[in-house]
1. Tell me which residues come under 5 Å, amide H to amide H, from residue 30 once H is placed; ignore anything under 5 positions away on its chain.
2. Could you tell me which of rounded, prolate or oblate describes the stretch 1-128, using a ≥ b ≥ c as the square roots of the eigenvalues of the alpha-carbon gyration tensor, with rounded for a/c under 1.5 and, failing that, prolate when a/b is larger than b/c and oblate otherwise?
3. How would you rank 58, 86, going from fewest to most other Cβ atoms within 10 Å of each one's own Cβ?
4. Tell me which of 47, 32, 58 sits at the most positive position along the dipole axis of the stretch 1-72, charges placed on C-beta atoms (Lys, Arg +1; Asp, Glu -1).
5. Work out from phi, with θ = phi - 60° and the Karplus expression 6.51 cos²θ - 1.76 cosθ + 1.60, the ³J(HN,Hα) of each residue of the stretch 63-70, listed in order in whole Hz, and give x for Gly and Pro.
6. What are the residues whose amide H is under 5 Å from the amide H of residue 2, where those residues sit 5 or more places off or on another chain and H is modelled from the backbone?
7. Just subtract the alpha-carbon distance of residue 24 and residue 46 from 0.36 nm times their residue separation and send over the number in nm, one decimal.
Amino acid sequence: MAVYCGIDWAEQHHDIALVDEHGHLVAKGRIGDDLDGFTTLVEMLATAGDSADHRIPVAIETPRGLLVSALRASGRQVYSINPMAVARYRERYSVSRKKSDHADAVVLANILRTDTHAHRPLPHDSELDGFNRSSQHLVGEVERWRTGLGRSGFGSIGVRSLRRGDRRWRGVRTGSSSGLRSVAV
C-alpha cells in the first residue's frame, strides 16, 4: 500500500496527514517544532508502513528549517510545494475558502498522491550543504540590515518611495532612477 505524507509547516507546530493511494486518511496529528515532534512524526510514518526499504515521501510548504533538514538527512524524498500551488490545489478539494492547517496537510499529501511527477524532490542533504544554505541566508540578512532595508521600516515602504527630492526622506541618499545605491541613516 502506497502512503503519502503532507506537512503543513508553522513556526511553533506542524500538522501531519498521511493518505493512502486512494486518498483515504490513514493518520493525522500535530507535532511540535522540536526533537519530540520529529520522533512522533517518525513513529507515525513507521506505523503507516515506512521502512528503510520503502520511505514514505513527504510534501511540505518550505524547503528550509530543522524539520526539513532532519527529513532530508533521514534519506526520504522531501518535496517543497509552493504555498500558492497549495492554495490552488485546495480549491480542488473544497469549495469554501476557509483555510485549515489539517486540511492543508491533507492537500499536500494528495498533491504527492496525484501529481508526484509534476514536482521535484529536494536533493539529499549533507552537512556542508546545510552549512552553505545557512551561511547564504545569514549573508542575505546581514546585507538587508547593512543597507537599512531590514526591519527599520524601509523594507515595508519599498525602495521606489526613496526618490531624490522626497522631503520625507532628507538624509537618505539614493542612486540613479534604476535603484538604491546607498542609504545614510
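None of the figures in this text is laboratory data; all of them are computed from the coordinates on show. What you see is a predicted model; the values in this text were computed from it and never measured. Cβ atoms come from the backbone with ideal geometry, glycine included; neighbour counts cover every protein chain shown.
1. Answer set, sorted by chain and number: 16.
2. In terms of gyration-tensor shape, rounded.
3. 86, 58
4. Of the candidates, 58 comes out farthest on the positive side.
5. Karplus-based 3J(HN,Hα) across the stretch 63-70 equals x, 10, x, 5, 4, 5, 4, 5 Hz.
6. 21
7. Extending this stretch completely gives an extra 6.2 nm.
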